[in-house]
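**Student:** Take this structure, written in structure tokens, and hold onto it; I'll ask about it next.
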Amino acid sequence: MGSGAPSRLVDLILGGKLDALRHDLPELPELDNLFAPEGPIRDAELLAADAFGAAKTWMLANGSTCGVLASIIACVQWHNSRPGGAPLADAPAGSGGGRKSVVILPRDAHKSAVHALVLSGATPCFLPPIRHPESGVGLGVGTAELKAALKEHGDEVAAVFMVSPTYEGACSDVTSAAEACHGAGVPLVVDEAHGAHLAFLGEAQPPPSRPSEEEEEGREGKEEEEGGRDKQGGSVFASGGTEGDGGGSGGGDDFSIERAVTDALATVQSSSPSYLLLASLDAARWDLAGATKNAKRRLREAALIADGVREELSSVEGINVLDLGGESGSAAGCVGTDPLRLTVSFEGGVGGYEADEILIEDFGVYAELPGPDYVTFVFGPGSTVEHGQRLAEALRHVALPAQKRCAHTPQVGIPALLPGEAITQAALDALAAVKESGGVISGCSDATLATMRVVVDLVPSERR
């Protein structure tokens, strides 16, 4: 927009300065083309791939959502291109006389994964998430259940999709999942929208991504030798990038997953990407993987601050600090937790939604994710000791009232009901609990939940 930007936008958001908007440029020859990069975007993607240890990286201008969409769509297209699959022109999958394409994924995956199933025509195989035995927080999918699903569906499996870490910071056993998928010749797609920073936390990072002391020294030596590439998960919005191993040749025309991802991204991303967003991605990578290691240092300091708050709150009556990676969590399949995330619940006190309201109105503290039973907070490179003390004080205040808590219900972005899924009493109770506790429900035909849109009545007439 430049000098022609609306004055209210400039005054309200930019403090009367046009500096940022002067860089809000279109696809100029000097700025490269996101969908056919040959210049600075290509260089930025190569640097990002090196920083994250990937063979290939695609910059995303439409957030992690388009990365999830493109990854699943690409895997289904690649699956269809292999011998026995449906012809690529015969979408959706399975409509051209070939085998159907099955995607194995947890039932509590983000709704973008469900949208990808719809767009690709894939058939879902939902796996029930393992839940923390004490808090009910989802911990991902068990390896045994994944192996059983791979065996059951065999050559029909187009991809396995999993989320690690979760909103609450629970990390799944991705290593074992990858071994199972690779052994079956199936691509593994991992939604790591909340974990871009984990590889840069040093000793604070959860396994299995934590490097050995020798690997850490080698990585830092390489960064210094190559002029430094430090990264910080601090791009504008959750823009992020999609990483891949670049492998997987397909049918006779050598249709690869890499090509399929490139094609899918051209379909789901904006054809006019924001270069401010793209620049923020490259800046975040530089800040995390650059010579100064500035963001890496700040992230590790933030982890120490978060640990201090956990320790302080652990002795406060009425507050439960959830240790998802503790003994009970590990036994349930959680291999580690994000040290920058803090999840608390209240004994006999308010539920998560009401706690969130109190925190905002009385203290100006905003949670990353309020749930019906707990509240999750995130520390970052800008967090200070004072921020931690302010949060601890606010949570002490919230723990004082004693009110009825709500039952476990769905989280933000995770559908309670899917199109074509049976409407159960448990699902209705969960939605009602969210509504009664002050949560917002989207996607329903009747926001009051007084009525539901029924496609097929599964109850026999004689039982009505």
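**Student:** If the limit is 26 Å between Cα atoms, which of LYS56/LYS293; LYS56/LYS100; LYS56/LYS151 go over it?
**Tutor:** Details: LYS56/LYS293 23 Å; LYS56/LYS100 28 Å; LYS56/LYS151 29 Å.
Pairs exceeding the cut-off: LYS56/LYS100; LYS56/LYS151.
**Student:** Between SER315 and PHE35, how many nm apart are label points set 7 Å from Cα along the C-beta direction?
**Tutor:** About 6.0 nm separates the two model spin labels.
**Student:** Fewest Cβ neighbours within 10 Å first, please rank MET452, MET162 accordingly.
**Tutor:** Values: MET452 13, MET162 25.
With the sparsest Cβ surroundings first, the list reads MET452, MET162.
**Student:** For the residues ILE104, ILE441, ILE72, what sequence is obtained by ranking on other C-beta atoms within 10 Å, fewest first?
**Tutor:** Working: ILE104 24, ILE441 16, ILE72 28.
Ordered by Cβ neighbours within 10 Å, fewest first: ILE441, ILE104, ILE72.
**Student:** Between the stretch 293-322 and the stretch 324-374, how many Å separate their Cα centres?
**Tutor:** 13
**Student:** When a footprinting reagent is the concern and you count Cβ atoms within 10 Å, what order do VAL385, VAL268, VAL137, VAL455 take, fewest first?
**Tutor:** Details: VAL385 12, VAL268 19, VAL137 28, VAL455 8.
Arranged by neighbour count, lowest to highest, VAL385, VAL268, VAL137, VAL455 become VAL455, VAL385, VAL268, VAL137.
Each reported figure results from applying straightforward, stated rules to the coordinates on display, with no laboratory input. Here the structure is a predicted model, which is why all the values come from computation and not from measurement. FYI the Cβ positions are ideal-geometry reconstructions off the backbone, even for glycines, and counts take in every protein chain you see.
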